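Encoded as structure tokens, the structure appears first; notes follow it.
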Amino acid sequence: MSLVGKLALVTGGASGIGRATCRIFSKEGASVIVADRDPKGIKDTLDIINDKSKEKHLGVELDVTKSSSINNTLEKSLEKFSKPPSIIVNCAGITRDNFILKLSEEDFDEVINVNLKGTFLIIKTFANSIVEHGIQNGSIINISSIVGKYGNIGQSNYTASKAGVELLTKTASKEFAKLGIRVNAVFPGMIKTNMIESVPDKVKDRFRSMIPMGRFGEPEEIAEAITFLASDKSSYITGASIFVTGGF
Ligand SMILES: NC(=O)c1ccc[n+]([C@@H]2O[C@H](COP(=O)([O-])OP(=O)(O)OC[C@H]3O[C@@H](n4cnc5c(N)ncnc54)[C@H](O)[C@@H]3O)[C@@H](O)[C@H]2O)c1
């Protein structure tokens, strides 16, 4: 699944699934733009993936909810690589869990802004640049969630944002097919990252008992599916929703 010669942007690259994706992309030969709002996490990811002798990758502080920050990320990419990334992974995401009766408007808005609007803003900015530069084989991978398919108690904001990501993906795939850009979504189940650390043990046990494979996933197991969708091995796949859930 070679990505030699490719340039990839990974939002949320400072942690969890995003970091694992940066690692596998770089192992497959890609240059990676590690973009996140967490500068310390960006540095740690770069330390993991950078060959000591040369700076093949780039770290950029990014807030996906702000157009100015996204434009700055694009400018830095063009400065260093003289081209935009042809692979875009929308992995930045947050949760602010609460029951609907208690959920604040701020927490609803914040989750929609990061997970759904942030994905839209990144797609718009970077797809425009891919087209302007005449790049013919773009691949955008958006990270949804299995709970965005079925709902989950205490996550109305998160599940709605992730359901939105699926339909944003399908619409973008239809609009971009003639431009040579594929757009797909990956739906992780329960994956061992910081995101699920705050989930109470009782809830985790209940989830685990519903997973046919009987365990949570590793971030790398999501990153491998993302890498397949990023590579030319998936050249006829667009508008797809791929579940990586241990059968959940
Ligand atoms: N862990 C799971 O079980 C699971 C399941 C389904 C889907 N997901 C999705 O996978 C993606 C990655 O999550 P993870 O589990 O690796 O979590 P994580 O918390 O380890 O990583 C999320 C990253 O997103 C970054 N981020 C948050 N807001 C941002 C913003 N406004 N701008 C830029 N970066 C921002 C964080 O700094 C962090 O580095 C998310 O979209 C999440 O919703 C995770």
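Taking chymotrypsin sites (Phe, Trp or Tyr not before Pro) across the stretch 59-162, the ones in a DSSP loop with at most 14 further Cβ atoms lying within 10 angstrom of their Cβ are Phe99.
Spherically averaged projected area of the convex hull of Cα atoms, the stretch 7-244: 12.8 nm².
Of the chymotrypsin sites (Phe, Trp or Tyr not before Pro) found in the stretch 197-239, those in coil by DSSP whose Cβ has at most 13 other Cβ atoms within 10 Å are Tyr236. Against the main long axis of the alpha-carbon atoms of the chain, helix 39-49 sits at an angle near 60°. The amide H of Val183, built 1.01 Å from its N in the peptide plane, has Ile140, Gly239 as neighbours under 5 Å, considering only residues 5 or more places off or on other chains. For Phe243, the residues whose modelled amide H falls within less than 5 Å of its own, excluding neighbours fewer than 5 places apart on the same chain, are Phe187. Over the chain, accessible surface divided per residue gives 47 Å², non-protein components excluded, 1.4 Å probe.
On the protein heavy atoms, probe 1.4 angstrom, tell me the percent of accessible surface of the chain carried by carbon and sulfur. Roughly 54 percent of what the probe reaches on the chain is carbon or sulfur.
The values are calculated or read from the model by the stated rules, or taken from the named source; none is laboratory data. Model, not experiment: these values are computed from the prediction. Positions of Cβ are generated from backbone atoms using ideal geometry, with glycine treated the same way; all protein chains shown enter the neighbour counts. These accessible areas exclude ligands, DNA and RNA; they are computed on the full protein's heavy atoms, side chains included. Shrake-Rupley method; radii C 1.70, N 1.55, O 1.52, S 1.80 Å.
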